[in-house]
Amino acid sequence: MTLLNPTWTALLYLAAAACFILALKGLNSPKTARRGNLIGAFGALLAVVTVFVSVKLDNIPWILGAIAVGSGVAAPVARRVQMTQMPQLVALFNGVGGGAAALVALLELSHADDPWVRLAIVFTLLVGAGSFAGSGVTFAKLQGLMTTRPVTFPGLPALMAVVLLAAAGAGTVVILNGSLVLALVLLILGLVAGVLLVLPVGGADVPIVISLLNAFTGLAVAASGLVLGNVLLVVAGTLVGASGTILTRAMAAAMGRSVAGIMFGAFKGGSTAGSTAVSERPVRSSSAEDVAVLLGYAQRVIIVPGYGLAVAQGQHTAAELALALEARGIEVDFAIHPVAGRMPGHMNVLLAEANVPYESLKEMSDINSEFRTTDVALVVGANDVVNPAAKTTSGSPIYGMPILEVADARQVVFLKRSMRPGFAGIENELLYEPQTTLLFGDAKDSLTKVLGAVKAL
Amino acid sequence: MDGMSLLTITVLAVFVGFEVVSKVSSTLHTPLMSGANAIHGIILVGAIIVAGQAADPLVLAVALLAVVLATINLVGGFVVTDRMLEMFRGRQRPPSNAGSGVPGSPGDSGAVETAHKERRQ
């Protein structure tokens, strides 16, 4: 078979790279996002076809088989996953990408004579393996396979320093003489470093780490592009590395945290450690019928959904309740905190799944001034994102995080499972305020009862 | 390609990467992260090259593992992002309303925005 000449190959890779840029650009707006993603997928397909027709390849049946296996594993999982479990799936996909980059770099070592190329290999090995292991830990935390609380032990920073120094030493030797054994050591050190990096990150910060590891994998892919002399890998990896970095910072800013604070906070004791103690203080709890009356005779209602809603799979009921209230002439909006759910932007996905039009989903900055003119703020399964401690208690782990100002509304109704504090493990003073009413129970059950009572009004 | 050209491309790609996501709304943070995640699955191209040049069975086995992992990243990433974005819909308009009936098309949602504001006043 005649191979495609280098000019055409370069042009096709350039087209694929342009597709990736358009994909990221399209993801900026809900109107163009889906098209953008499909353009990205087309670019990927173009690139994969190009590699088959432009490079002399042996073992093609094996390669096609491996691609079939990978697709056979990934597509059904991606199609069937519950939207609530999206964050861990993204973590998993990110991890395997990092692992693939590390393996490619490892295998290229025997062909690399140039010390600069070996430097790129060392970087890919370390960062790719780190991303793989770190994503694994993130997955375990989000999937509930291990505690979501920060895991620290005395000497962790020292151990991390030792691992990184050892990696620097092994890396130097690999660059000098291309030792395969030390490259394997480097791979293992990368895995250990990834685990150590993510272990001390707790609770609500875990999703930010996914974004950071995503950027890491991007950089590892870019470096492997340098190793293989493949411009497309360089461009695609760098794009993801750069955009991932910006995205990580944007997410951290939405939580009022710095990325460094998230990664190393637990070392200094400033992380989202919190407690899981249940308070004994008195609160005003109420029945579904009372809540229905509050809602049904209001002029303006803002629903604040949180992860509890998603866990209970109550999105659809919440959407129905909004429709029922709108049918009574009540103005209803959903106020979405940037980090509501388990991952920034997660709640938007969950409500979109329940067919809530994205125009009804208001961002925090747009809706915060409207709570003052709101009769009832209905908080469903959210806690930390409405906790005034973020503004008032300087010692609190969430201090500085921008919150939804539900306390400004005339009435606040919390639908809660129990008095247990939220993901970050911090007591919410708002629960004890006089304008607050609580309705205990599973978010979906409570919403169903309230919906029934509203319809009966 | 020489080192200087690669460096130039890398630096320019950094700026493009910063620029394309600098104004993204928090509404789309999850799909954007997932979409960017899919893009680095393009390491599949590297894995295919390495597997296609493997002579030793052990090298081939490791390379094929890389192909499987990279495919999971690439295919899974794009499929799951598409599934998420498929659900992002604009407000449905009654069919009697003239104009584009496709939800989410630019003209449609502009009109929706106006209708929404009118309702407020």
At 222 nm, what value in deg cm²/dmol follows for chain A if DSSP H runs of at least 4 each add -39500 (n - 2.57) and the sum is divided by all its residues, to the nearest 500?
-19500 deg cm²/dmol
Once amide hydrogens are built 1.01 Å from N within the peptide plane, the residues lying 5 or more places from residue A:438 or on another chain with amide H under 5 Å from its amide H are A:284, A:285, A:286, A:414
Per residue of the range A:195-202, what does 6.51 cos²θ - 1.76 cosθ + 1.60 with θ = phi - 60° give for ³J(HN,Hα)? Whole Hz please, x for Gly and Pro, Karplus curve as stated.
5, 5, 5, 8, 3, x, 8, x
FRET efficiency, 1/(1 + (r/R0)^6) with R0 22 Å, evaluated for residue B:11 and residue A:18 via beta carbons
0.80
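What whole-number value in cubic angstrom gives the convex hull volume per residue for the C-alpha atoms of the protein assembly as shown?
About 150 Å³ per residue, rounded to a whole number.
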Between residue A:68 and residue A:10, the two model label points (7 Å from Cα along the beta-carbon direction) sit apart by a distance in nm of 3.7
By the gyration tensor of its Cα atoms, with a ≥ b ≥ c the square roots of the eigenvalues, what is the shape of the range A:127-197: rounded for a/c under 1.5, prolate for a/b over b/c, or oblate?
oblate
Cβ neighbours within 10 Å from other chains - mean over A:40-49:
5
Report, in degrees rounded to the nearest 10, the 0 to 90 angle that the Cα long axis of helix A:231-254 makes with the longest principal axis of chain A.
30
Return the sequence-ordered ³J(HN,Hα) values of the range B:4-12 in whole Hz as given by the Karplus equation 6.51 cos²θ - 1.76 cosθ + 1.60 applied to θ = phi - 60°, using x for Gly and Pro.
5, 5, 4, 4, 4, 4, 4, 5, 5
I'd like the orientation of helix A:206-228 relative to chain A: the angle between its Cα long axis and the longest Cα principal axis, in ° from 0 to 90, rounded to 10.
20
Please give, to one decimal in nm, the separation of the simple spin-label points placed at residue A:113 and residue A:457, each 7 Å out from Cα toward the Cβ.
8.1
Value of Rg/Rh across the range A:81-268 [Cα atoms, Kirkwood radius]
0.98
Compute the Cα gyration tensor for the range A:288-456, then decide on rounded, prolate or oblate, letting a ≥ b ≥ c be the square roots of its eigenvalues: rounded whenever a/c is under 1.5, prolate when a/b is larger than b/c in the other cases, and oblate in all that remain.
rounded
Label-point separation (nm) for residue A:299 and residue A:2, each offset 7 Å from Cα along Cα-to-Cβ?
7.8
Suppose R0 equals 30 Å. What FRET efficiency, 1/(1 + (r/R0)^6) with r the Cβ-Cβ distance, do residue A:145 and residue A:366 give to the nearest 0.05?
0.20
Partner chain coverage, peptide A:360-369 - average Cβ within 10 angstrom:
1
For the range A:363-457, with every protein chain kept in place, what is the accessible area per residue (1.4 Å probe, Å²)?
40
Non-local amide H neighbours of residue A:380 (under 5 Å, H modeled in plane, Pro and chain starts lacking H): which ones?
A:304, A:306, A:415
Give me the lysines in straight-line cross-link reach of residue B:23: C-alpha distance below 29 Å, same-chain residues under 8 apart excluded.
A:25, A:31, A:362, A:391, B:117
Excluding ligands, DNA and RNA, what is the accessible area buried between chains A and B, summed over both sides, using a 1.4 Å probe, to the nearest 100 Å²?
8200
Rounded to whole Hz, the Karplus (6.51, -1.76, 1.60) HN-Hα couplings of the range A:371-382, x for glycine and proline
4, 4, 9, 9, 7, 10, 9, 9, 9, 10, x, 10
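The values are calculated or read from the model by the stated rules, or taken from the named source; none is laboratory data. Since the model is a prediction, treat every value here as computed from it, not as a measurement. Methodologically, a virtual Cβ is constructed for each residue, glycine included, from the backbone with ideal geometry; neighbour enumeration extends over all protein chains shown. With ligands, DNA and RNA removed, areas are computed over all heavy atoms of the protein, side chains included. Shrake-Rupley method; radii C 1.70, N 1.55, O 1.52, S 1.80 Å.
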